[in-house]
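The values are calculated or read from the model by the stated rules, or taken from the named source; none is laboratory data. What you see is a predicted model, and the numbers here were worked out from it, not measured in a lab. We place every Cβ from the backbone using ideal geometry, glycine too, and count neighbours over all the protein chains shown. Just the protein is used for accessible areas: all its heavy atoms, side chains included, with ligands, DNA and RNA removed. Shrake-Rupley method; radii C 1.70, N 1.55, O 1.52, S 1.80 Å.
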Amino acid sequence: MFNRIKIEPKIKELPEKPGVYIMKDARGNIIYVGKAVILKRRVTQYFRNSPKPVKVQAMVDNVDDFEYIVTLTEADALVLESTLIKKNMPRYNILLKDDKGQGSYIRIDLRERFPNAEVTRHPKKDKAKYFGPYSGSISAKSILRVIKAVYGLRTCPRAMRATRECLDWHIGLCLAPCTGRTDDETYRAAVHRTVDFLNGKSGEAEKIMTDKMNAAADALDFERAIEYRGLLAMLKTLRERTLADLDIRDADFFAYVTDGLRSAISVMPVRGNKLLPDGSYPSADASESGDALAAFLMQYYAANPVPSEVYINVELDTEPLEKCLSDLRGGPVHVRVPVRGQKRDLIKTAEENARECVEKTADREIRLREQTFGACDMLCERLHIPSAHRIECYDISHISGTDKVASGVCFIDGSKAAGEYRRYRIKTVEGNDDFHCMAEVLTRRLRHAAEGDEKFAELPDLIVIDGGKGQLHAAYAVMKEAGFDIPMVGLAKREEEIFTTHSPDPIILSRDSAALKLLQRVRDEAHRFAITYHRSKRLKRINTELIRIRGIGEKKSKLLLKAYGSLDKIKELPLEALESTAGMDKPSALAVYEYFHGGEGK
């Protein structure tokens, strides 16, 4: 339930002006950003005792406070909302979290004398031409290979002052204007044919590619022929995406779909009458459909070129959106909802894609819940403990008692909580003694908690020890001596048996049990984190030893460690082996040899 004490007085102060509102949780985290034509009316709607969609109610229940910013116009609010969403990544907004799933573009700057074609993920307002986005089986890199093979455009970023031709010219993939192998007129004609191809005229490219494939096969150059065959298949796929009886040169189609809890937006770009690969973006946003789609479009076009036409599937006030997108494009942009014909059919296809994305997201959430919350519930049932909300696991790492360290990892509700991880350097234990190392680590962790250290204040609901019955009971005794009584189990690696402190017999879970898999993830993560810390500490010690040698600095020390892996192996090397090590000269090799064989002394 939202915090009425903070919120109700602030609602009364809200102005009847356009602006942006910012919802925060009890920790001060921004969980939702929205824009409003009238702030007072829009924000008040959230906190009325009226039925709300599940996704909206979920957000409202987490609101502890809110802020607002007044703007001059609704268009200004739309721009500010987009900026704040991108900066704060609120959990209840639809987000373009990264560009891994977005397509790439091909950039050609026609103002240059000999333009090059290059792939980029980040179009700029630099007056160059951008074609795309391309993704999936029709990638920008595969399109670039077609351009090289068919038209011979240069794809290198090099300045036009080369003294000799590169490999591409020798194998027929570049006209080599950088060395004068072609004249301005011929190269410019190739550029214009390339632009026509990128605008949808792929017939010439298919014919030339077919001829090249057949010629390569006749010359028994089968590797080249296979490469051409793959590019030809991609071109045919591109041709099959041509929209018959429709002249759309530059447009994007967006569809917003929600099941009341989860939402998704699907994007379908059309360039040169060809439907390019689309993308879908899932979210548990708390917006109304029109607001969610408008906010998404502002995010999307902050990183992508704006077309002249944008088609959507929900009714909204398009005037402020058109103004913002026109400013981004530097020319007029029309936002419409198609009601009939092929454009409406494209919107329906986008809706199907978005609906499928929502369903897949639901399936992933169910599987994730089974692996996290569900596994915690199952663990509580099998171990007879009240909660497994916070699980901590400790592991020791060393080599024959040297460079001893320990790790403490934390899982909350079955997921990694990396911010709660801790590393320990063993201070009091001599030699190879895992029992006393674990005792030291647990003593330090629990002492910090007893002393009120905020970083250690939250105690675990379950402690997992990497080991069997002996390690478990030794750790349990340390905990009891410190005055704590926290459920503790040991997980033995070989048979994956779970040992408890209240039974001499281990608990055996099936190998496919979600509870066992959770314990294994926790144990393996502690092991990984401990080994990583041990390795860094050990390499730092070895590196410190090596750089004491005359003529050996950080660079040569790293070369030796990369080549041989350990100080013991370096010590045993004959002089000839040191001299033959990549990056080592004879004086340095001799210095290392003498250092470890008494010539220089230590």
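Once fully extended, how much extra length lies between ARG548 and LEU220, figured as 0.36 nm per residue of separation less the alpha-carbon to alpha-carbon distance?
Values: separation 328, 0.36 × 328 = 118.08 nm, distance 5.96 nm.
Gain on stretching ARG548 to LEU220: 112.1 nm.
Between the stretch 174-214 and the stretch 281-360, the C-alpha centres lie 35 angstrom from each other. Note on the chain: with charges restricted to the Cβ of Lys and Arg (+1) and Asp and Glu (-1), its dipole about the Cα centre is near 1380 debye. Projecting label points 7 angstrom from Cα along Cα→Cβ for ILE208 and VAL314 puts them 4.5 nm apart.
Considering only GLN45, MET488, ALA530, and ranking their Cα positions along the charge dipole of the chain that arises from unit charges at the beta-carbon of Lys, Arg, Asp and Glu, the one farthest toward the positive end is ALA530. The solvent-accessible area of LYS517, taken with every protein chain present and a 1.4 Å probe, is close to 90 Å². Taking a straight Cα-Cα cut-off under 16 Å and skipping sequence neighbours fewer than 8 places away in the same chain, the aspartates and glutamates within cross-link reach of LYS427 are ASP395, ASP403, GLU440.
A protection proxy built from the mean count of other Cβ atoms within 10 Å ranks the segments 188-200, 216-228, most packed first, as 188-200, 216-228. Here the chain has 50 percent of its accessible surface on carbon and sulfur atoms, given a 1.4 Å probe and all protein chains in place.
Taking every protein chain into account, the accessible area of the stretch 154-303 amounts to 47 square angstrom per residue (probe 1.4 Å). Ranking LEU561, ALA591, ALA515 by how far each Cα lies toward the positive end of the dipole of the stretch 486-602 (charges on Cβ) leaves ALA591 at the top. Treating each Cα of the stretch 402-527 as an identical point scatterer and summing with the Debye formula, the log10 of I(q)/I(0) at q = 0.15 Å⁻¹ comes to -0.72. Per-residue ellipticity at 222 nm from helix content only, as computed over the chain with -39500 (n - 2.57) for each DSSP H run of at least four residues, stands at -14500 deg cm²/dmol. Taking 24 Å as the straight-line reach from the Cα of LYS558, the lysines in range (excluding those fewer than 8 positions away in the same chain) are LYS404, LYS537, LYS540, LYS569, LYS571, LYS586, LYS602.
Which percent of the Cα-Cα distances in the stretch 1-145 go past 26 Å? Let's see the in-between values first.
On the way: 4647 of 10440 pairs.
Taking all Cα-Cα pairs of the stretch 1-145, the fraction more than 26 Å apart is 45 percent.
Looking at this model, which pairs from LYS10/LYS55; LYS10/LYS455; LYS127/LYS148; LYS87/LYS127 are more than 32 angstrom apart at the alpha-carbon? Beyond 32 Å: LYS10/LYS455. When only the Cβ of Lys, Arg, Asp and Glu is charged (+1, +1, -1, -1), the dipole of the stretch 460-533 relative to its Cα centre reaches about 200 debye.
Quote the relative contact order of the chain in percent (integer), defining contacts as alpha-carbon pairs under 8 Å separated by 6+ residues. If you can, show how the numbers build up before the last one.
Working: 1006 pairs, mean separation 50.5, N = 602.
Over the chain, the number comes to 8 percent.
Counting only Cα atoms, the stretch 266-314 measures 36, 21, 18 Å along its principal axes, largest extent leading. Could you work out how far the C-alpha centroid of the stretch 362-413 sits from that of the stretch 491-545, in angstrom? Measuring centre to centre over Cα atoms gives 10 Å. A Cα-only calculation for the stretch 191-233 places Rg and Dmax at 11.6, 34 Å. Computed from backbone phi, the HN-Hα couplings of the stretch 230-235 come to x, 5, 5, 4, 5, 5 Hz, rounded to whole numbers (Karplus: 6.51 cos²θ - 1.76 cosθ + 1.60, θ = phi - 60°; Gly and Pro given as x). Look at (i) 25.9; (ii) 30.1; (iii) 24.8: the one that is Kirkwood radius over Cα pairs in Å derived from this structure is (ii).
With only alpha-carbon atoms in the gyration tensor, what are the semi-axes of the equivalent ellipsoid for the stretch 123-211, in Å, largest first? Walk me through the numbers on the way to the answer.
Working: eigenvalues 95, 56, 35 Å².
Each semi-axis is √(5λ); the values are 22, 17, 13 Å.
Calculated translational diffusion coefficient of the stretch 475-599 (4 °C, 1.567 mPa s; Stokes-Einstein with Kirkwood radius over alpha-carbon pairs) equals 70 µm²/s.
Coupling constants for the stretch 64-71 follow from the phi torsions by the Karplus curve (6.51 cos²θ - 1.76 cosθ + 1.60, θ = phi - 60°), and in residue order they are 10, 6, 8, 10, 8, 10, 7, 10 Hz; glycine and proline get x.
Counting only heavy atoms of the protein chains and using a 1.4 Å probe, LYS124 has close to 150 Å² of accessible surface.
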